[in-house]
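K.L.:
Have a look at the structure that comes next, please.
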Amino acid sequence: MDTQRVLAVLRALELEGVRYKVVGGVAINFHGLARATEDLDLFVAPDPANVARLKVALRSIFNDPRIDEISSEDLSGPYPAIQYVPPDGTFSIDLLARLGEAFRYDDIEAEERSIQGVRVAVATPRMLYRMKKDTIRLQDRADAERLKERFNLEED
Amino acid sequence: MPLRKFHSVEEMPGPTWHDPSDPELWRRITDLWAFSDRLCCRRLPPGVHRNRSMEELNRRRAAWEAAAVRSGRN
């Protein structure tokens, strides 16, 4: 993934006033651990107005008509996890409205960070730990262990 | 960088955390992601892909990675 493209997406989200929170590997990077990742994972508020702003932001970067296929009805209904892959296919933007019954947008504890001059909402280390510790993917569990050690996190 | 040898993975140093305000962090992220792109030049199917759960999303992602390996692009 290219850092400048990720920054461009985050800048566009800020400009359009999108309600989002960065989670996943990119959030781990922003908290201080440089590690490879191929997806930009974003929790987004799935209400129609916010999804409309999200689509405007993405269109300003990618000018891809397929972005119009992203819908509030899907995100708040049967498809709470949508992957958007830009035309060049180099990375994926994963848009999440909820994870099972455990996590919804409003449940995600986040803090504001300035990343290269862009204001970014990033899930807290404790939140990331809670999201990752019980998952099946080895990468997520490794992240959870590293977060726990670095930030002296306790089990809930 | 000098060559360093270890008897086991456990002996190897752990990941290096940076203070988020450290300018070195952004340089490291940029370099690492660029290096990763050069190693793994996969291409994902463009468009919008809907998933009913995170598990379904992860399965789709794994299928893309497997297809990239089969095609020799990984």
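K.L.:
Does residue B:31 qualify as being of a type outside the set (Phe, Trp, Tyr), surrounded by 10 or more Cβ atoms within 10 Å (Cβ to Cβ), under 16 Å from residue A:26 (Cβ atoms) and at pLDDT 90 or above? Break it down stepwise before answering.
P.N.:
On the way: of a type outside the set (Phe, Trp, Tyr): yes; surrounded by 10 or more Cβ atoms within 10 Å (Cβ to Cβ): yes; under 16 Å from residue A:26 (Cβ atoms): yes; at pLDDT 90 or above: yes.
Against the criterion (of a type outside the set (Phe, Trp, Tyr), surrounded by 10 or more Cβ atoms within 10 Å (Cβ to Cβ), under 16 Å from residue A:26 (Cβ atoms) and at pLDDT 90 or above), residue B:31 qualifies.
K.L.:
Among the numbered criteria (1) over 29 Å from residue B:14 (Cα atoms); (2) out of contact with any strand residue (DSSP E or B) (no Cβ under 8 Å at 6 or more places or on another chain), which single criterion is violated by residue A:126?
P.N.:
Condition (1) is where residue A:126 drops out.
K.L.:
Only one of (1) part of a helix (DSSP H, G or I); (2) under 30 Å from residue B:23 (Cβ atoms); (3) away from every other protein chain (no Cβ under 11 Å); (4) touching a residue at least 24 places away in the same chain (Cβ under 8 Å) is not met by residue A:146, so which one is it?
P.N.:
Looking at each condition in turn, residue A:146 falls short on (3).
K.L.:
Does segment A:146-155 hold any residues that are within 17 Å of residue A:30 (Cα to Cα), surrounded by 13 or more Cβ atoms within 10 Å (Cβ to Cβ) and out of contact with any strand residue (DSSP E or B) (no Cβ under 7 Å at 6 or more places or on another chain), and which are they?
P.N.:
In the first step, residues of segment A:146-155 are kept if they are within 17 Å of residue A:30 (Cα to Cα); the result is A:146-151.
Then drop every residue that is not surrounded by 13 or more Cβ atoms within 10 Å (Cβ to Cβ), which leaves A:146-148, A:150-151.
Across segment A:146-155, the qualifying residues are A:147, A:148, A:151.
K.L.:
Collect the residues in segment B:43-57 that are within 15 Å of the chain's Cα centre (by Cα) and closer than 27 Å to residue A:131 by Cα, keeping them in residue-number order. I'd like the intermediate steps shown before the answer.
P.N.:
Kept after step one, since they are within 15 Å of the chain's Cα centre (by Cα), are these residues of segment B:43-57: B:43-44.
Correct list: B:44 only.
K.L.:
Sticking with this structure for a sec: Quick check on segment B:29-40: of everything there that is without any contact (Cβ under 8 Å) to a residue 12 or more places away in the chain and in contact with a helix residue (DSSP H, G or I) (Cβ under 9 Å, 6 or more places away or on another chain), which residue is farthest from the other protein chains (Cβ to nearest Cβ)?
P.N.:
Residues of segment B:29-40 without any contact (Cβ under 8 Å) to a residue 12 or more places away in the chain: B:29-39.
When the remaining residues are screened for being in contact with a helix residue (DSSP H, G or I) (Cβ under 9 Å, 6 or more places away or on another chain), the result is B:29-30, B:32-34.
Details: B:29: 5, B:30: 5, B:32: 5, B:33: 5, B:34: 7 Å.
Out of the qualifying residues, it is B:34.
K.L.:
Can you tell me which residues in segment A:104-121 are crowded, with 20+ Cβ neighbours inside 10 Å and assigned to a strand (DSSP E or B)?
P.N.:
Matches in segment A:104-121: A:115, A:120, A:121.
K.L.:
Mind checking which residues of segment A:126-143 are assigned to a helix (DSSP H, G or I) and either more than 14 Å from residue A:33 (Cα to Cα) or out of contact with any His (no Cβ under 9 Å at 6 or more places or on another chain) (or both)? Break it down stepwise before answering.
P.N.:
Our first condition is that a residue be assigned to a helix (DSSP H, G or I); within segment A:126-143, this holds for A:126-132, A:138-143.
Across segment A:126-143, the qualifying residues are A:126, A:127, A:129, A:130, A:131, A:132, A:138, A:139, A:140, A:141, A:142, A:143.
K.L.:
Part of a helix (DSSP H, G or I), charged (D, E, K, R), out of contact with any Asp or Glu (no Cβ under 8 Å at 6 or more places or on another chain) and farther than 26 Å from residue A:150 by Cβ: which single residue out of B:24, B:65 fits that description?
P.N.:
Values: B:24 fails: farther than 26 Å from residue A:150 by Cβ.
Just one listed residue meets the conditions, B:65.
K.L.:
Moving on to the next point. Here is a list: A:14, A:38. Which entry is touching a residue at least 12 places away in the same chain (Cβ under 8 Å), surrounded by fewer than 20 Cβ atoms within 10 Å (Cβ to Cβ), within 11 Å of chain B (Cβ to nearest Cβ) and touching a strand residue (DSSP E or B) at 6+ places or on another chain (Cβ under 8 Å)?
P.N.:
A:38
The values are calculated or read from the model by the stated rules, or taken from the named source; none is laboratory data. Everything quoted here is computed from the prediction, not taken from an experiment. Glycine gets a Cβ as well: all are built from the backbone with ideal geometry, and neighbour counts include every protein chain shown.
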